[in-house]
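Note sheet for the following structure.
Just so it is clear, none of the values below were taken in a lab; they were calculated from the coordinates. Just so it is clear, the model here is predicted, and its values are computed rather than measured. Glycine also receives a Cβ, built like all others from the backbone with ideal geometry; neighbour counts cover every protein chain displayed.
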Amino acid sequence: MPIKITGSGCYIPTKVVTNLDFARHEFLNEDGTPFPYSNEVVAKKFLEITGIEERRYVTENLVTSDIATIAAERAIKASGIDPETLDYIIFAHNFGNVKQGAIQTDILPSLGTRVKFNLKIKNPKCVAYDLLFGCPGWIEGIIQAYAFIKAGMAKKCLVIGAETLSRVVDIHDRDSMIYSDGAGATIIEATDSPGGILSYETATFTQDEAYYLYFGNSFNKTHDPNVRYIKMHGRKIYEFALSNVPKAMASCLEKSGYAIGQVKKILIHQANEKMDEAIIHRFYKLYQQSPPEGIMPMSIHKLGNSSVATVPTLYDLLINGKIENQELHPGDVILFASVGAGMNINAIAYQI
């Protein structure tokens, strides 16, 4: 019984924020002292490392559940299903709904519940819940949907990844330039067509790694210490990802029964261009190979890092032919992979 993605949709916010828009920010070190380089130098170095030229932020009237609903509606339309036949709505996010200018998250009711309400689904047997799994949340949601369908507990699932990181960044922290907003959604169901989910790998590392990403105070020591922002230990995350993500991808591929040469595309979490490139090279090095040209489609240059939304957004753009010089064909074997807060890692081998 093949279990496949039968429809996808995404929402890309309309507000474009370029690297130059950060010129007015006062970047500080963690101890609150002035950063020793000009914002021009910071922006140039940032582009070289991350590949991000611009990112998208939601407008003031929108919150995470709003943009998730838009992506979900597009996925439902693309699949052609009746939303009343959905068995599960799995909503992966990290920070809930945070209104513009607010300092408090809102997750009551859950964002999954809100999306079900927004979609006007009346069926009480459509179960909606939230999944907190860091940036790999959407992939983990796909794994859960696969398990539900495989076990006979469901036939159709809606899996969403959405986030509005612009609402939880410290403007005095250079890392704030990485983050963006966005939403991606997919319908997962059992089908008669071949392919679909072939295998998966998932893991949580906590002994040393649990707090590589965390909520912390602003670098500006005059700010309210009770207000927290997303923070990360970038170097530790980079080293962790390079050490562990390629091995998880290789384990997943081995379970699928396919060879490295049969992989057509790798859709990896759009965290940092240099890090993603290093992960892919380390992955192919496990097979004594170099990555083929064009193996890794990218959206980070214009969309930034929207956390849990990056992979489903990338898939939707790719499947709809909206990434230049990149395309997918029926029968293609691809890998999804991600790493993020927790620290969590996962991967899926999938045949179009």
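See the values below:
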quantity	calculated
Hits among lysines - C-alpha to C-alpha of LYS45 under 23 Å, sequence gap 8 or more where chains match	LYS231, LYS236, LYS274, LYS302
Pair ALA102, ASP82: separation of 7 Å Cα→Cβ label points (nm)	3.5 nm
Helix 137-150 axis, angle to the chain major axis (alpha carbon atoms, nearest 10°)	20 degrees
Of LYS4/LYS77; LYS120/LYS156; LYS15/LYS322; LYS77/LYS265, pairs whose Cα-Cα distance is over 22 Å	LYS77/LYS265
FRET efficiency, 1/(1 + (r/R0)^6) with R0 35 Å, evaluated for ASP332 and TYR129 via beta carbons	0.65
Ranking of THR206, THR222, THR50 by count of other Cβ atoms within 10 Å, fewest first	THR222, THR206, THR50
Potential extension, ALA23-ALA147 segment - 0.36 nm per residue separation minus Cα distance	39.9 nm
ARG235-ASN325 pseudo-label distance in nm [points 7 Å out on the Cα-to-Cβ vector]	3.4 nm
Taking the chain and dividing mean pair separation by its residue count, relative contact order in percent (alpha carbons under 8 Å, at least six apart)	26 percent
Listed residue (GLY96, ALA128, SER79) projecting farthest to the positive dipole end of the range 76-174, Cβ model	SER79
